[in-house]
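Here, each number is a calculation from the coordinates, and none is a lab measurement. What you see is a predicted model, and the numbers here were worked out from it, not measured in a lab. With ideal geometry, Cβ positions are generated from the backbone for all residues, glycine too; neighbour counts draw on all protein chains shown.
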Amino acid sequence: MEHPENSAEFEGLTVNSGVGPVSIVNPYLKRGRFARRQLTAGDYVEGILRGDVSVLGQAVTLVESTNPAHQVIAQEVIEKCLPYSGKSIRVGISGVPGAGKSTSIDEFGIHVLKEHGGRLAVLAIDPSSERTKGSILGDKTRMEKLSVHPDSFIRPSPSAGSLGGVARKTRETIILCEAAGFDKIFVETVGVGQSETACHSMVDFFLLIQLAGTGDELQGIKRGIMEMADGIVINKCDGNNVDKCKLAATQFRNALQLFPKPESNWEPKVLTYSGFYAIGIKEIWDMIYEYIDFVKKNGYFEFRRAEQSKYWMYESINEQLRNNFYQNPTIADLLKAAEKSVLDGQRSSFVAAKQLLDSYFALLH
Ligand code: GDP
């Protein structure tokens, strides 16, 4: 470009033509040179047993993967971690959206780590997470204090479709966390029914968070969920809500009296607290530790864990049988035709199902 300053008029002043901007990236740096090496099952196990949270996180991603090759490594890692698992307290925490689960878990976690030491993993089972893109624990910032605590590990719900699949992955993640030295596990679940059953089948203590409402709170919860609870806690017992919470607690206590005594012989307790103002947190955890002592002494702790292992064996068989059926390419083709014939009214649902299953069993021979 011709610069006017270079004219004779401004003699003595020379402006050089500029040079292009220099790249801020080192052109000699080869891409991929430091790419992450694919870990072997042995590497994962070694890292997990060392308590390395980064390796643990990668192993959990592997467990959650639907890629068959990843699953092979994941199962090997789980198998090898199994002997190091089991030495923890597992607590399920359930409540409808808005009950204050995240606020409470943040406080519970900080309290437990401060009073009892150790390391805490917070996991979740959320069957809706595929649709809502992870509504619970989806955003780690919801647990402000725990998410920056050096002894905590927070993992959102796997989004694996069926509830059975999601729950199995959470259970497998518990094994990995325990092998990595996490001796306290929280499993958060959203209070909508089936996910409670799945959560209950992998924890030692099932805590139900409730809210005081209009005086007819009991109508809203299914009896089955209340029966599963080892403790019911009424949140938001603060400000002008205290009386309502106390009343709700009495109603829950009365309702629990009508239920048969649980197998554990433990009488579920009802407490009130405020997660937001951190009031009554200690009482809840004293209750949970009292329960753990109680069931360890009477043998129920071990019994429940053994029953849970049995349950998960059957769940695993069911899930794999189902997957094997639906993922069979021949069946996948036949299914489409069968579905159409059922919709067109040419075949009954039962006949179509029987024909498909017969074809499947024939393929197995
Ligand atoms: P989640 O959907 O069950 O995880 O519920 P959140 O923890 O997100 O809480 C839902 C809302 O209730 C938030 O606006 C919280 O600030 C509020 N909240 C939670 N705990 C308390 C409490 O103890 N007292 C009061 N007053 N509000 C609370």
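Worth a mention:
- Dividing the radius of gyration of the alpha carbons in segment 86-298 by their Kirkwood radius gives 0.94 for Rg/Rh.
- Dipole in debye (nearest 20) - segment 47-98, about Cα centre, beta carbon charges: Lys, Arg +1; Asp, Glu -1: 200
- Pairwise inverse Cα distances across segment 313-364, averaged and inverted, put the Kirkwood hydrodynamic radius at 11.7 Å.
- Straightening the chain between residue 286 and residue 346 buys 15.3 nm, computed as 0.36 nm per residue apart minus the Cα-Cα spacing.
- Under DSSP loop assignment and at most 15 Cβ neighbours within 10 Å, longest GluC sites (Glu not before Pro)-free interval of the chain: 12-143
- Whether the chain is rounded, prolate or oblate, judged on the alpha carbon gyration tensor where a/c under 1.5 counts as rounded: oblate
- Charged side chains reduced to their Cβ positions (Lys and Arg at +1, Asp and Glu at -1) give the chain a dipole of some 880 debye around its Cα centre.
- Cysteines in the chain lacking a second Cys C-beta under 4.7 Å: 81, 177, 199
- Cβ-based charge dipole, the chain, positive-most Cα from 71, 25, 342: 342
- Between the listed residues 318, 235, 58, the Cα displaced farthest toward the positive end of the dipole of the chain, a dipole computed from Cβ unit charges relative to the Cα centre, is found at 318.
- If the chain linking residue 142 and residue 67 were pulled fully straight, counting 0.36 nm for each residue of separation and taking away their Cα-Cα distance, it would gain 24.0 nm.
- Springs join every pair of Cα atoms under 10 Å in this Gaussian network model of the chain, and among 99, 352, 180 the largest mean-square fluctuation is at 352.
- Net charge in the neighbourhood of residue 238 (other residues with Cβ under 13 Å of its Cβ; Lys, Arg +1, Asp, Glu -1) is +1.
- Between residue 359 and residue 7, the contour length at 0.36 nm per residue exceeds the alpha carbon distance by 117.6 nm.
- Between the residues 110, 361, 123, the greatest Cα displacement towards the positive end of the dipole of the chain, with unit charges on the Cβ of Lys, Arg, Asp and Glu, is found for 361.
- Angle between the chain longest axis and helix 101-116 axis [Cα atoms, degrees, rounded to 10]: 90
- Under 5 Å between amide hydrogens, built in the peptide plane, is the criterion, and for residue 212 it picks out 235 among residues at least 5 positions away or on other chains.
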